[in-house]
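Chemist: Before we start, here is the structure in question, set down as structure tokens.
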Amino acid sequence: MSYRMLIGGKLTHAEDGATRKVVNPFNGKVVAEVPEASLNDVDAAVRAARKAFDGGDWPNMTAQQRGRILFRIAELVRKNLPKLARLETLNVGKPIVESEFDMNDTATCYEYYGGLATKITGLTAPVPDNAISITLREPVGVCALIVPWNYPLMLAAWKLAPALAAGCTVILKPAEQTPLTTLEFGRLLQELKLPPGVINIVQGAGETVGSALVNHKEVDKVAFTGGTETGRAIIKGAAASNLKKVTLELGGKSPNIFFEDADLEASVDGALFGLFINQGEVCSAGSRILVQRSLHKKFMKRLLEKAKLIRLGDPMDRKTKMGPLVTEEHRDKVLSYIQIGIEEGAKLVAGGKAPKSAVLRKGFYVEPTIFDEVKNSMRIAQEEIFGPVVVVIPFKNEDEAVAIANDTPYGLAGAVWSRDIFRALRVARKIRAGIMWVNTMQPCYVEAPWGGYKQSGAGRELGPHGIDEYLETKQLHINLNENPIGWY
Ligand code: NAD
């Protein structure tokens, strides 16, 4: 398979012909070659986006027109859903059923922001003079959208849909490990005959192509999802170049808190789903299970029974519940964390290694892994592992649960399980995180905001908050007093 980037409305190879091989994590085989953008390609994409923005092709379209185009993008995704889902699974390794959900959510995101395009409004300020003061919401400008590898096309939509609805033009960069669905999306977009330069797609490594976008003086904003350390580099680059605006969706180490009065079956179910979905490669993964001491024994027995049922296999098989990790390098990183946990003295009670069967050995698999009796100060409880590894930390009472939950540099998400609604809400409010679930974990909707406190990010995606990040606010003051001020 061969793919091209999208620059200034044209599907294109890298100007110097450079390419990168893309690997199927299920068997380590090369499945495609994709262009690797040069710095000139990045510059051409930024200039195309700049021209489409400054020339007004996109921002001057009516909101209704932009909204309709977003609905057509959603249709395009729905029409090609099976193909895009298969491509996502081929490249990321996630089970096909999960990829189908992702593609559906991708289309829904374009529909939501297609609708929101016509609902962007300002306010009238009651100023104490004979004047009208109103606000106009205007697009931020040219936006660089930088996406990670765990939900490639869906996380691209979380940025692209609100950016387009707001009237911005964009340069989208997928993660270099997983560019296939994004490049295929670029090819499909040609059907819509959008004005050239509104959506540009460049492919390449973070340190070169990503960094060139972040440091480019003609880019007005960068919207980034990825690791916290990369986020730090992005703030620095954005500040040093032209103080471009930045939104960041970063890592997490989210607590999933179970009190003794919670429903046992639902809790165990939520503990497993909260972490092992998408092989644990989820920013909001409930990677720290906090369980009340009085419930601990019963909870662990059931957790281990049910964890055994997670079926690893070919991600294209509809019965598979867990696929391989995204790359060999990432698999090795996850395995090294398991070793760290053992050395720190945590009790390994499930998994802990790469599976040995003839089929799975060819892919980048790690068994669903559970550590018990973990101390929150251990590295496996503090650092984001981003794989199928969960730590269980017992606690005595509510105060201790809250203290442990908040003892982390991260603040993306968390969940609390209890039949006592007063306790559940009390705890949910005390956790310093951008998303808190009560008696569930992981549901995510395009209608509701997503983002982190502390070192999990800055700004919000999704919901009405998501579009604000792509809008400037202009105050327009209209004087109604015909006489001069008469100050001098
Ligand atoms: P990463 O930070 O390595 O890469 C993310 C993207 O940034 C890639 O496109 C990469 O090419 C690019 N990049 C890397 N270095 C760059 C640089 N110096 N300048 C500009 N761009 C650069 O992250 P990853 O390993 O792809 O993804 C996993 C991380 O993403 C995890 O930490 C996870 O928690 C986080 N994540 C967060 C959310 C959220 O909503 N908060 C969602 C998904 C993933």
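Chemist: Keeping every protein chain present and rolling a 1.4 Å probe, give me the accessible area per residue for region 411-463 in Å².
Modeler: Normalised by residue count, the accessible surface of region 411-463 is 45 Å².
Chemist: Which whole-Hz ³J(HN,Hα) couplings does region 245-250 yield from phi under the Karplus relation 6.51 cos²θ - 1.76 cosθ + 1.60, θ = phi - 60°, glycine and proline marked x?
Modeler: So the J values, rounded to whole Hz, are 6, 9, 10, 10, 10, 10.
Chemist: Which sequence of LYS362, LYS306 reflects their accessible areas, 1.4 Å probe, from the largest down?
Modeler: Highest to lowest solvent-accessible surface, that is LYS362, LYS306.
Chemist: In percent, how large is the relative contact order of the chain, given Cα pairs closer than 8 Å and 6 or more residues apart?
Modeler: Reported relative contact order: 18 percent.
Chemist: On the full set of protein chains, 1.4 Å probe, figure out the accessible area of MET316 and give it in Å² to the nearest 10.
Modeler: 70
Chemist: Still on this model: I'd like to know which of TYR453, LEU264, ASN40 lies farthest towards the positive end of the charge dipole of the chain, counting +1 on Cβ of Lys and Arg and -1 on Cβ of Asp and Glu.
Modeler: Farthest towards the positive end: LEU264.
Chemist: Using a 1.4 Å probe, what is the accessible area per residue for region 1-142, in Å²?
Modeler: For region 1-142, the per-residue accessible area is 47 Å².
Chemist: For q = 0.09, 0.13, 0.20 Å⁻¹, what log10 I(q)/I(0) does region 106-252 give under the Debye formula with an equal point scatterer on each alpha carbon and no solvent?
Modeler: Log10 of I(q)/I(0), two decimals: -0.32, -0.61, -1.26.
Chemist: Round to the nearest 10 and report in Å² the accessible area of LEU250, as given by a 1.4 Å probe over the protein chains' heavy atoms.
Modeler: 20
Chemist: Enumerate the amide H contacts of ASN256 below 5 Å, restricted to partners 5 or more residues apart or on another chain; note that Pro and chain-start residues carry no placed amide H.
Modeler: So ASN256 has HN proximity to ARG288, ILE289, LEU290, ALA415.
Chemist: For region 281-436, with the dipole built from +1 on Lys and Arg beta-carbon atoms and -1 on Asp and Glu ones, taken about the Cα centre, which of GLY363, GLY434, VAL349 lies farthest toward the positive end?
Modeler: The Cα lying farthest towards the positive end belongs to VAL349.
Chemist: Another one. Ignoring ligands and nucleic acids, what accessible area does ARG331 show with a 1.4 Å probe (Å², nearest 10)?
Modeler: Probe radius 1.4 Å; accessible area of ARG331 about 40 Å².
Chemist: Starting from the residue with the highest accessible area, list GLU305, GLU75, GLU328, GLU100 in decreasing order, probe 1.4 Å.
Modeler: The residues order as GLU75, GLU328, GLU305, GLU100, largest area first.
Chemist: Let me ask another. When DSSP beta bridges are limited to those with both residues in the chain, what percentage is antiparallel, rounded to the nearest 5?
Modeler: Here the antiparallel bridges make up roughly 45 percent for the chain.
Chemist: By what distance, in whole Å, do the Cα atoms of the chain stretch along each of the three principal axes, largest value first?
Modeler: Result, largest extent first: 79, 59, 40 Å.
Chemist: In addition: Which percent of the accessible heavy-atom area of the chain goes to carbon and sulfur, probe 1.4 angstrom?
Modeler: C and S fraction of accessible area: 54 percent.
Chemist: Given contacts defined as C-alpha pairs under 8 Å and at least six residues apart, what's the relative contact order of region 1-92, whole-number percent?
Modeler: With pairs under 8 Å counted, the relative contact order is 26 percent.
Chemist: Considering only ALA223, VAL170, TRP149, whose Cα is most displaced toward the positive end of the charge dipole of the chain, charges sitting on Cβ of Lys, Arg (+1) and Asp, Glu (-1)?
Modeler: The one lying farthest along the dipole's positive direction is TRP149.
Chemist: Just to confirm, what accessible area per residue do you get for region 226-292 at 1.4 Å probe, in whole Å²?
Modeler: Result: 29 Å² per residue.
Chemist: Pairs of Cα atoms under 8 Å, at least six residues apart: use those to get the relative contact order of region 348-488, whole percent.
Modeler: Over region 348-488, the number comes to 14 percent.
Chemist: Let me ask something else about it. Please find the FRET efficiency linking VAL127 to ARG429, where r is the Cβ-Cβ separation and R0 is fixed at 35 Å, and quote it to the nearest 0.05.
Modeler: According to the calculation, E is roughly 0.45.
The values are calculated or read from the model by the stated rules, or taken from the named source; none is laboratory data. Source: prediction; values computed, not measured. Virtual Cβ from ideal backbone geometry, glycine too; neighbours counted across all protein chains shown. In case anyone asks, the SASA skips ligands and DNA or RNA and just uses the protein heavy atoms, side chains included. Shrake-Rupley method; radii C 1.70, N 1.55, O 1.52, S 1.80 Å.
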